[in-house]
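Single-structure report; data block below.
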Amino acid sequence: MEARANHRQKVILDELRRSGGSMRIHSLARALDVTEETVRRNLKALADDGLVERMHGGVRIVGDNEEADFNARYRDNPVAKQRIAAHVARMLPDDVSLFLDIGSTTAHIADALRDHRRMVIVTNSVYVAFRLATRNENRVFLAGGELRGHDGGAFGTDAMEFAANFNTDYAVLSSAGITPKGFFLFDLEEARFSRLIMQQADKCIMAADSSKFGRVAPVDIGNPSRVDYLVCDKEPPTEIAAAALTDWGTEIQIAK
């Protein structure tokens, strides 16, 4: 069916795929430097062909309602993620305790923390545990349970009960989508784990590259006012920045 799409529609599909499969209409128009009416007109044709689905001010590619596997996400937009990771690493001292989730940006942060010493790390990510265990007097606690094949993450009751035993200085999280309403993920189990570690940490850092701005994902991570810092590679759109400042009390830091 995609062969029927004209050039503009192919560009829209490419932008949606680059952004993980879904976007807000206004974000798509801004990214392509066209009017929202132009986007809506082309989306109607794509929807008629069954290639996209409209949803609450946004659009997603049909069949793309899940994220790519971990390795693909880790390799996506690496320069921005590495810059964010280096910035977060500078925010964290030696001897710190922290939760790290399974996000691809968080994996880059684990890489950037490899010279830190005497950290206490609680994680449900086998990648994070592998990168930070057995070095520099770190103590790493890995949540138990079956590891998911596509991302090496442990979830479910056992993982939640394990993480609830810890109170840390920081929780470092990632997000699949950021809108003026807050932070979102595609997976309910990931969101439940994120909500828990946000409650168990003194400070929360959300690390997200600019491709997440305006991206639509179905599961709300939780009250965005629990996020103390949003670290990203570019300034967020005005409506997200205003929500962070006025409604959430979240400090935005731009990684250099």
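The values are calculated or read from the model by the stated rules, or taken from the named source; none is laboratory data. Predicted model only: the values in this text are computed from it and were never measured. Cβ coordinates were reconstructed from backbone atoms using ideal geometry, including for glycine residues, and neighbour counts include every protein chain displayed. Quick note on the areas: whole protein, heavy atoms, side chains included, nothing else; ligands and nucleic acids left out. Shrake-Rupley method; radii C 1.70, N 1.55, O 1.52, S 1.80 Å.
For the stretch 229-256, the set of residues classified as charged (D, E, K, R), open to solvent by 40 Å² or more (accessible area, probe 1.4 Å) and not in a helix (DSSP H, G or I) consists of LYS234, GLU235, GLU251, LYS256, listed by residue number. Listed by first and then second residue, the pairs linking a residue in the stretch 205-223 that is over 19 Å from MET55 (Cα atoms) to a residue that is among the acidic types (Asp, Glu) and open to solvent by less than 20 Å² (accessible area, probe 1.4 Å), with Cβ atoms under 8 Å apart and 6 or more places separating them unless they lie on different chains, are ASP209/ASP233; SER210/ASP233. Among the residues of this structure, SER175 does not count as one that is under 25 Å from ALA80 (Cα atoms), part of a helix (DSSP H, G or I) and small (Gly, Ala, Ser). Taking into account only those residues within the stretch 216-228 that are more than 20 Å from LEU16 (Cβ to Cβ) and in a loop (DSSP other than H, G, I, E, B), which is most open to solvent (accessible area, probe 1.4 Å)? Across the stretch 216-228, the extreme among qualifying residues is ASN223. Scanning the stretch 109-126 for residues that are touching a strand residue (DSSP E or B) at 6+ places or on another chain (Cβ under 9 Å) and open to solvent by 10 Å² or more (accessible area, probe 1.4 Å), we see that the one that is farthest from ALA207 (Cα to Cα) is ARG118. Among the conditions (1) at positive phi; (2) modelled with pLDDT under 95, the only one that THR157 does not satisfy is (1).
Search the stretch 175-215 for residues being among the aliphatic types (A, V, I, L, M) and open to solvent by 20 Å² or more (accessible area, probe 1.4 Å), and hand back the single one that is nearest to ALA255 (Cα to Cα).
Filtering the stretch 175-215 for residues among the aliphatic types (A, V, I, L, M) gives 176, 178, 185, 188, 191, 196-198, 201, 205-208.
Applying the additional criterion that residues be open to solvent by 20 Å² or more (accessible area, probe 1.4 Å) yields 188, 196.
On the way: LEU188: 29, LEU196: 26 Å.
The qualifying residue nearest to ALA255 (Cα to Cα) is LEU196.
Of the residues making up the stretch 16-31, those that are open to solvent by 30 Å² or more (accessible area, probe 1.4 Å) and either of a type in the set (Gly, Ala, Ser) or assigned to a helix (DSSP H, G or I) (or both) number 5. If you check LYS212, LYS256 for being more than 16 Å from the chain's Cα centre (by Cα) and modelled with pLDDT under 95, only one passes: LYS256.
So, in the stretch 138-151, of the ones that are more than 15 Å from LEU98 (Cβ to Cβ) and not hydrophobic (A, V, I, L, M, F, W, C), which residue ends up least open to solvent (accessible area, probe 1.4 Å)? Looking at the filtered set, the residue picked out is ASP151.
Among the residues making up the stretch 44-54, those that are touching a strand residue (DSSP E or B) at 6+ places or on another chain (Cβ under 9 Å) and either part of a helix (DSSP H, G or I) or open to solvent by 50 Å² or more (accessible area, probe 1.4 Å) (or both) are LYS44, LEU46, ALA47, GLU53, ARG54. Being open to solvent by 60 Å² or more (accessible area, probe 1.4 Å) and either modelled with pLDDT under 75 or more than 30 Å from GLU137 (Cβ to Cβ) (or both) is a property that does not hold for ARG73. The set of residues from the stretch 152-171 being open to solvent by 30 Å² or more (accessible area, probe 1.4 Å), farther than 25 Å from HIS87 by Cβ and under 20 Å from the mean Cα position of the chain (by Cα) comprises PHE155, MET160. Per the conditions (1) in a helix (DSSP H, G or I); (2) modelled with pLDDT under 90; (3) over 28 Å from VAL231 (Cα atoms), the sole criterion not satisfied by ARG40 is (2).
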